[in-house]
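Data block below; observations after.
The values are calculated or read from the model by the stated rules, or taken from the named source; none is laboratory data. Everything numeric here is computed off the predicted structure, so don't read it as measured data. For neighbour counting, all protein chains shown are included, and Cβ atoms are generated from backbone atoms with ideal geometry for every residue, glycine included.
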Amino acid sequence: MQREQISVFDMFKIGIGPSSSHTLGPWRAAQQFVQSVADKGVLGDVTGVKILLYGSLAKTGKGHGTDIAILLGLSGDDPVTFEVDQVGPKTDRIRASHKLLLGGKQEIVFNAGDDLLFLFNESLPYHPNAVSFQAFLNNGKAVSETYYSIGGGFVVKDGADGQQKAEVDLPFPIDTANNLLHWCMKTGLKISEVVMENELAWRSEQETLASVLNIFKAMKECIYRGCHTTGYLPGGLNVARRAASLNRRLIGSRVYTNFDEWVQAIRDTGNSFHNILDWVSCFALAVNEENASFGRVVTAPTNGAAGVIPAVLQYFLVFCDGYTNEKIVQFLFTASEIGSIFKKGATISAAMGGCQAEIGVSSAMAAAALTECMGGTQRQVLMAAEIAMEHHLGMTCDPIGGLVQVPCIERNTMGAIKAITASQLALQTNPDNAKVSLDAVVKTMWQTAQDMNSKYKETADGGLAINIPLSLPEC
C-alpha cells in the first residue's frame, strides 16, 4: 500500500484567502483542468466551459469566494503570485464582458449566471467539496473532469490515487505519532531534525531552508499588513477590522518603520500577562482579517485557521527571544509534521470534520512547535499537541453567512492562546504520566468527525449560522 508522503510545503502553502478548501483548492482544480485540456491538445478548440459546484462548495461557495477563485484559475492566474488588489477588478471584468481568456490564451464566451452553477442540494460521495468542469469543443465533443478539494489546498482528481507528487524513499516514513516517536528515540533526533532528513529526499538543504524562510516571510508580511489596515471586511456582515486599532492602542507613541523595528517596539510594551495576551490576539486577528479580505496568507494548515501558527510564532519571536532563522525553521518543521499526522489519520477539512479539523489541528501544530523551540523533549512536544487538540474536540464549523469571519476570526485567537497554554502544561509535566496519547486523540477526532451532523461541517446550515441575523455586527 502506498504511503501518503507529505512535505512541509504541502502543509504550508502561500495563497489567497478566504478559504483553503473553498478558494485555494478550487483555484488549483481549475488550473489543473485547464492544463489537462491543454495536454490533450484541444485548448484552442474550446468554445465554452461549465462549472458545477456540489455540497459544501455550493452551500458556502459564495461567501468563501469559490466562484472568484475558479474564474482566476481558469484564466491561468496563480494564487501565489497574483496581485491581491486585482482579484475583484479582474473577476468583475470577466462577469461584465461575458468573456474569459481560458489559460490566458483561448477566449471563450462565459456567462457566470449560466455557466457556474451552485448545486446546493447535490453532493458527490467521495468528499463534500466537489467541483466538475466541462469544456465544450468546436467539434461537438466535450472534456469533463471532477475534482475534490479535500482541505488545506489539497486537490484530488476523481479517479486518481490522491498522491500529489512522485513517491520518494523517505529515510523516516511516518504515518502516526508513534512512528515519529520511534524514529526520534532510535536516532536521538529532534522532531524538526527528522523532518529535515525527510525533506532532503525531495530537494537540497539550501533550497528547503530558503523555501521555509519564504513561507515565514509571507506570514510576517501578512501579520504586519493586517496590523496596519483599517476598514470593514467584505461580504455584507459589516465586520470592522480590529487588529489595527488594537495595535495602535498597545504600541502607544512608539515609532517604527518596518517589521523588525515593530518587533522591538512590541517588546518595549512589556511582558505582563495581559499585554502578551492582547498581542497574541492582535497577531491572530491581523492574519485572519487579511484572509477574509482576499489577502495573501499561508495555509497553516488551512486558510480558516491561518492565524494560529503565525500568532504563536510571532509570540515566540517577540516575547521568547526566538527571532533567529534557525528557530523559525525549527518551529515550522515541527508544526508541519504534527499537521501531516492529523491529515493522514483524520482530516484537516472542515467540510469533513468541522472546525476541530482546522482550528484544532492548527492549535496542536503550534503547541508542538512552541514546545520543541522552548527546549521540550520529543514526548513533551507530542503531549503539547495532544493537549491542544483534546480541548478542541467536537468544535463545529458554522460560519455566519457562509463567510470566513464570524466566528472564524476570533477562533484563531482562542486557538493560539490554547496552543501556548498546552505548551506550558507539557513543559511542566512528565509525559510518562500522560493518560492520553496523540494517536488516541487523532483517532478520537476522526470518530467525532464521522459522528458530527453534516450541518455543522462548513455548510452554514446549523449553529451560529442560523441563529445570528446577518445584519448584526460581530460581538
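Data overview
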{"item": "Sole exception among (1) of a type in the set (Val, Ile, Thr); (2) within 14 Å of residue 312 (Cβ to Cβ); (3) within 20 Å of the chain's Cα centre (by Cα) for residue 341, by number", "result": "(2)"}
{"item": "Condition broken by residue 117, with the remaining ones in (1) in a loop (DSSP other than H, G, I, E, B); (2) over 27 Å from residue 449 (Cβ atoms) satisfied", "result": "(1)"}
{"item": "Residue in segment 44-60 that is surrounded by the most Cβ atoms within 10 Å (Cβ to Cβ), counting only those that are of a type outside the set (Ser, Thr, Tyr) and farther than 25 Å from residue 107 by Cβ", "result": "57"}
{"item": "Options 197, 167; residue that is charged (D, E, K, R), at pLDDT 95 or above and within 25 Å of the chain's Cα centre (by Cα)", "result": "197"}
{"item": "Selection from segment 11-42 of residues that are assigned to a loop (DSSP other than H, G, I, E, B), farther than 23 Å from residue 350 by Cβ and touching a Leu at 6+ places or on another chain (Cβ under 8 Å)", "result": "42"}
{"item": "In segment 81-123, residue farthest from residue 50 (Cα to Cα) [restricted to those that are at pLDDT 95 or above and of a type in the set (Phe, Trp, Tyr)]", "result": "82"}
{"item": "Test: residue in segment 114-127 that is aliphatic (A, V, I, L, M), crowded, with 23+ Cβ neighbours inside 10 Å and under 18 Å from residue 26 (Cβ atoms)", "result": "no"}
{"item": "Some residue of segment 356-364 being under 28 Å from residue 453 (Cα atoms) and surrounded by fewer than 24 Cβ atoms within 10 Å (Cβ to Cβ)", "result": "no"}
{"item": "Helices (runs of 4 or more DSSP H) wholly inside segment 207-321 that include at least 3 residues being assigned by TED's automatic domain parsing to the domain that holds residue 423 and surrounded by fewer than 21 Cβ atoms within 10 Å (Cβ to Cβ)", "result": "243-251, 259-267, 273-292"}
{"item": "In segment 285-308, the residues that are at positive phi and within 12 Å of the chain's Cα centre (by Cα)", "result": "none"}
{"item": "Odd one out for residue 344 among (1) touching a residue at least 40 places away in the same chain (Cβ under 8 Å); (2) in contact with a helix residue (DSSP H, G or I) (Cβ under 8 Å, 6 or more places away or on another chain)", "result": "(2)"}
